[in-house]
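Have a look at the structure below before the remarks.
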Amino acid sequence: MTGKERDRRITDLGTLKALAHPLRLRLYRGLTIARAATASQLAEQVDEAVSLVSYHLRKLAEHGLIEEAEGRSADGRERWWQPASDGISIRDEDFRDAPEKAAVHTAASRLFFEQRADMFRRWMDERAHWGDAWNAAANSSESTLRLTADELTELSTEMLALLRRYDERGRAADAAGDTEGRENVAVHTYAFPFRI
């Protein structure tokens, strides 16, 4: 663990709107993966102008989603950024008390889903280049269960705890210099009720 707040809960509309911008969300994800980066580094990743990336990074910082990081360049002229917390949490219950808030939450959720789906599509297009071990390790599945709302809450809590355990293991290994064979891995889960 890094000592930062874990899963900062976003409850205000302004912060949700700031994050629910396609480029800002990509920049936030890039910072989460890199743990610290400059606007120039992120601009290269997202194929945008450094000035545009800098503007959007400042917007994320205004809402406390990212913060300046300790400089890592020898001359100290580059501005480094890092996530302000170890993850964020956005809950429906915080945005359903007014139609505008619910609409923004729904739009943000759709954007999050679309970017996650794009990541998976990219994996499918590129998987031939990853080799046998990664192809065997990757997983895509669907389970249909008969649960109560309380049981679904319990399942979600247990799954999140498991993911955190693996995240902490990976971070500890990185910190110890054990980076051989490590890659960024996205785990997307969706658990929701439905009727036929």
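I want the local charge near Tyr166. Using Cβ-Cβ distances under 15 Å, sum +1 for each Lys or Arg and -1 for each Asp or Glu among the other residues. Mind showing how you got there, number by number?
Working: positive: Arg6, Arg164, Arg165, Arg169, Arg171, Arg182; negative: Asp86, Glu158, Asp167, Glu168, Asp174, Asp178, Glu183.
Within the 15 Å Cβ shell, the charges total -1.
How big is the charge dipole of the chain about its Cα centre, in debye rounded to the nearest 20, if each Lys and Arg gets +1 on its Cβ and each Asp and Glu gets -1 on its Cβ?
On the way: 29 positive and 34 negative charges, 61 e Å.
Around 300 debye, computed over the chain.
When the Gaussian network model of the chain links Cα atoms closer than 10 Å, the mean-square fluctuations of Arg79, Arg169, Arg26 top out at Arg169.
Each helix, a run of at least 4 DSSP H residues, gives -39500 (n - 2.57); summed and divided by the residues of the chain, these come to -17000 deg cm²/dmol at 222 nm. Note on the range 17-113: with charges restricted to the Cβ of Lys and Arg (+1) and Asp and Glu (-1), its dipole about the Cα centre is near 180 debye. Pick out the long, greasy-scoring helices in the chain: whole DSSP H runs spanning 15 Å or more along their own axis by Cα, mean Kyte-Doolittle at least 1.0. Flagged H segments: there are none.
Enumerate by residue number the trypsin sites (Lys or Arg not before Pro) in the range 88-128 meeting two conditions: DSSP loop (anything except H, G, I, E, B), and at most 14 other Cβ atoms within 10 Å of the site's Cβ. Write down the numbers at each step before the final one.
Working: sites: Arg91, Arg96, Lys101, Arg110, Arg116, Arg121, Arg122, Arg127; in loops: Arg91, Arg96.
Here the trypsin sites (Lys or Arg not before Pro) that fit, given the DSSP loop and packing criteria, are Arg91, Arg96.
In the chain, carbon and sulfur make up what percent of the accessible area (probe 1.4 Å)? Roughly 49 percent, rounded to a whole number. Taking chymotrypsin sites (Phe, Trp or Tyr not before Pro) across the range 94-196, the ones in a DSSP loop with at most 12 further Cβ atoms lying within 10 angstrom of their Cβ are Tyr190, Phe194. Calculated from the structure, Cα extents along the principal axes in Å equals which of (i) 63, 41, 27; (ii) 60, 48, 34; (iii) 52, 42, 32? Read-out from the structure maps to (ii). The mean accessible area for residues of the range 59-196, using a 1.4 Å probe and ignoring ligands and nucleic acids, is 78 Å² per residue. Only Lys, Arg, Asp and Glu carry charge here, each on its Cβ (+1 for the first two, -1 for the last two); on that basis the range 32-80 has a dipole of about 80 debye about its Cα centre.
The values are calculated or read from the model by the stated rules, or taken from the named source; none is laboratory data. Since we're looking at a predicted model, the values are computed, not measured. Cβ: placed from backbone, ideal geometry, glycine included. Neighbour counts: every protein chain shown. Just so you know, the surface numbers come from the protein's heavy atoms only, side chains and all, with ligands and any DNA or RNA stripped out. Shrake-Rupley method; radii C 1.70, N 1.55, O 1.52, S 1.80 Å.
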